[in-house]
1. Specify the inter-centroid distance of the stretch 324-338 and the stretch 133-168, based on alpha-carbon positions, in whole Å.
2. What is the calculated FRET efficiency for ARG70 to GLU151, with r their C-beta to C-beta distance and R₀ = 41 Å, to the nearest 0.05?
3. What does the charge add up to near ALA213, with Lys and Arg as +1, Asp and Glu as -1, over the other residues with Cβ less than 10 Å from its Cβ?
4. On a straight-distance basis, which aspartates and glutamates could pair with LYS613 in a cross-link, Cα separation under 16 angstrom, same-chain partners fewer than 8 positions away excluded?
5. Within the stretch 118-136, which residues have the backbone N less than 18 Å from the label spot 7 Å out from VAL170 along Cα→beta-carbon, could you tell me?
6. For GLN634, project a label point 7 Å along Cα to C-beta. Then give me every residue of the stretch 642-661 with its amide nitrogen under 14 Å of that point.
7. How big is the equivalent ellipsoid of the stretch 181-235 along its three axes, where each semi-axis is √(5λ) from the Cα gyration tensor, reported in whole Å from largest to smallest?
8. Could you give me the ³J(HN,Hα) list for the stretch 262-278, computed from phi with Karplus coefficients 6.51, -1.76, 1.60 and θ = phi - 60°, whole Hz, x at Gly and Pro?
Amino acid sequence: MALFAVPNIIQDLIPAAASESINPWTWNLNLNASGLYEYLPTMHALSKFALLGACAVQSVMGLPEPVESREANLLKRNVDDWINRETPIAWQKLLCNIGPDGCAVRNQGVPAGVVVASPSRSDPDYFYTWTRDAALVYKGLADAFRRNYTEGLHTQLKNFVSSQAKLQGVGNPAGGLNDGQGLGEPKFMVDLKEFTGEWGRPQRDGPPLRAIALIRYAKWLVENGHKAVWPTIENDLKYSAQYWNQTGFDLWEEVPGSSFFTIASTHRALVEGAQLGAVLGKPTRAYTAVAPQVLCFQQSFWNAREGFVVSNINGGEWRRGRDANSILASIHNFDPSAGCDANTFQPCSDRALSNHKVVVDSFRSIYNINRGIAQNKAVAVGRYSEDIFYNGNPWFLATFAAAEQLYDALLVWKAQGSIAITQTSLPFFRDHVSSATVGTHAAGSATYNQIVSAITAYADGFIEVASKYAHSNGAMNEQIDRNTGQPIAAPDLTWSYSAFLTATARRDGYIPTGWGAGQATALPAGQCQKFEVAGNYNLPPTPVFPSNLTPAANAPVEQITAVPTGCTNPEKVFVTFNERASTSWGQVIKVVGNVPELGSWDVNKAVPLSASKYTSGDPLWSITLPIQAGSSVQYKYIRITNGVAGVSWEGGDNRAFSVPGATCDVQNRWDNWR
Ligand code: NOJ
Ligand code: NOJ
C-alpha cells in the first residue's frame, strides 16, 4: 500500500516504535515503593497473542461468543487496524508541517522548529504559527521523545527551543517583552514576524502551554546531566504568574473572558515550573504563591447542579458553557500521581467524567452524522454546540480528546485496582453499566469488570468515529462536515495528528511523566485571593546545546519530584501595591520608583498594575512585586494614556517605605491617587 508507506527522509525522525506496525513496547503504570509512579516497559504484543489465543480456544471448543463481546472484539480489531496504519502517517504529516524541512512547508520561509498550523493558505488561511498549537504539538513530541530517543526528534526539540527564544522578543499588537504582554499574542507569521491583522488577543494559554512543552524537554536534559533551557521557560512562567487573572480570549479565539482551559494550563505550568526551577536553584516563590490561587479560581467554573464545567466565565455566557475546552484541559493536565482528584480535574475524577458526559451529549442531537447513535456509543465531538465556524462541525481533535480522557481514566483505575463512583459521576457510569451504584468497586468485582470493558469500548468508539471520517489515505482536516461526514476546513491540521498520537499513546498504556499534580491538589484555606506577581522579562540568549546531548547511561540523575512549597528567609519580600485610581477605558496605572524592581525611576520600566479587582464602586489597581529585603523604597504611581507619551504623574512628594528584612509575609501598601 503505497499510500501508507513512510518516505525515508521522514523515517529517521519517527521514533522506532511508531513506524512498526505493532508497537511491541508499551508502558505500564506501577506504583513503586516510595509511592511514586514509574513507567516500565512490558511486551504489549504478548497480550495481543494471549487474546488471539483466547479466541482460538473458544472456537475450538465451539463455545458461542456472547454478542456483546463479539461486537467489542470486532471494534477493537477495527480500531487496532486503523491505528496501525494511521500512526506512521500521522507522524509523517505532523512533521511535514514543521520548518525548515517539513515536506509541506519546506522552501517557504519557515524557520527551524516553527509549527505551521496547516499548510492551507486559503479557505481557511492557516499558514501561520500559533503559540497554542505549536506548544501542544511539541508537548506531545517531547513526551514521545522521552519515551523513545531518536536523534531526529531531538533536533526538532532543540529547534523548538531556539525558535521560541527568538519569538519571545518579537514585538506585536499584544505588546512587547518589556512588561511581558507581547507573550500573549496568539499567532505570528511563519517567518516569526508579527501578525498585524485584527485578532482575538491576547490569548493567555500560549505562555503556560509553551512553558509546559519546554519543561518536558528541560526535564529530560536535567535527567541526562545537562543544564535546562530556563530563560525562555522563565518568561512564560512570569507571564503566567502576572496575567493569569486578567481576561483574555479563549482557546477558540472568540470570547474574551476567563477560560477554564487557560486557567488549568496556567496552574500546571506554575506547579511544574516551580518543580524544575527548584532543581535548577532558580527563584520559584512567585509560582508557588500563585499556583494555589489559580487552582482556587479554577473551581469556580464548576456547575454542580448540572455536573459540568462552564468553560467560559466573565464573558461568553451566551454559550451554554458545554465545550471541548474542558475535556482538553483534563487530558492535558493528566497526572496519575493525583489519582482521580477533582480539583485538578483529573480525567478519572467524578467531575471530569460527569463533564465528559454532558459535553459529549451536547453534540448527540445537533449533528446529522450523530443521529440515531445509542447513548452508550461514541459520537463525533465538536468545540461547543453553538459554534458557527464553517457552520459548526465536529472536530477531529475534540473527538480524539474524548477518547483520550477515557483511556487516561482506565489507566488510573487499573493502577489503583478500583473504580470509585460518586453521585456526581453516577450518570456517566449508568450510561454504560445500568446497574452501577455509588461506591468503590474493586478490581475483580463484576461492576469493575463491566465498567472497564464498557469504557474501553466506548473510548475505542471515538477513535472509530474519527477513522470513519478521515480521508482514506489517512489525511485529516480540522473538521468533519456535520451533515455529510466529509473532512473539511483546514487540511492536514497539525493539531489533528498530534491529538491522534497522544490519544493512541494512552491507549497503548503510555503515560507521560507527571507534573507534580499529586502535590498540588490542595486549595488554599479561606477565600480565593487574586494574587498577581509582576515579573521582569528578558530576551533569552540564543540557546546553546552541548554537543554530547545523547541519553546518558550513567548521568547524574537529578530527581525532579518535589514541588517546592512554603518560604524561608527569602532574599526578596513580596510587596503588594494597591492604588485606588478611577481611570477611563484604555488608561493604565503603573508604579515606578528608585529601586531596580520599580524601574529605577525610568518610566519605560514602570510596572503596570492589574485592574482585575477594579469595579466602578472600588477602582482598585494592584500588583505584587518581589523587592530586595531591607531596601529603602521611594515610589509614585503614574497614569498612562496611549503609551508612555501620555504619562501623568500623581502629585505630592514621593511615597516612601522600608522593606523589612527577610520575611515571608506579604507587605501591603494602600494608596489613593492624588
Ligand atoms: C478564526 C479562529 O481561529 C476560529 O477559532 C474562529 O472560530 C474563527 N476565526 C471565527 O471567528
Ligand atoms: C482555530 C482554533 O479555534 C484555534 O484553537 C487554533 O489555534 C487555530 N484554529 C489554529 O489551528
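1. 21
2. Details: r = 45 Å, r/R0 = 1.10.
After rounding to 0.05, the efficiency reads 0.35.
3. Working: positive: LYS139, ARG210, ARG216; negative: ASP143, ASP236.
Residues near ALA213 contribute +1 overall.
4. The reachable aspartates and glutamates, counting only those whose Cα sits under 16 Å from LYS613, are GLU532, GLU579, ASP671.
5. 118-121, 125-136, by backbone N distance to the label point.
6. Once the point is set 7 Å along Cα→Cβ of GLN634, 652-658 turn out to lie under 14 Å by backbone N, inside the stretch 642-661.
7. Working: eigenvalues 156, 25, 14 Å².
Ellipsoid half-lengths, sorted descending, are 28, 11, 8 Å.
8. 5, 5, 5, 5, 5, 4, 4, 4, 5, 5, 5, x, 5, 4, 5, x, 4
Values quoted throughout were computed directly from the atomic coordinates according to the rules given, and no laboratory measurement underlies them. Source: prediction; values computed, not measured. Positions of Cβ are generated from backbone atoms using ideal geometry, with glycine treated the same way; all protein chains shown enter the neighbour counts.
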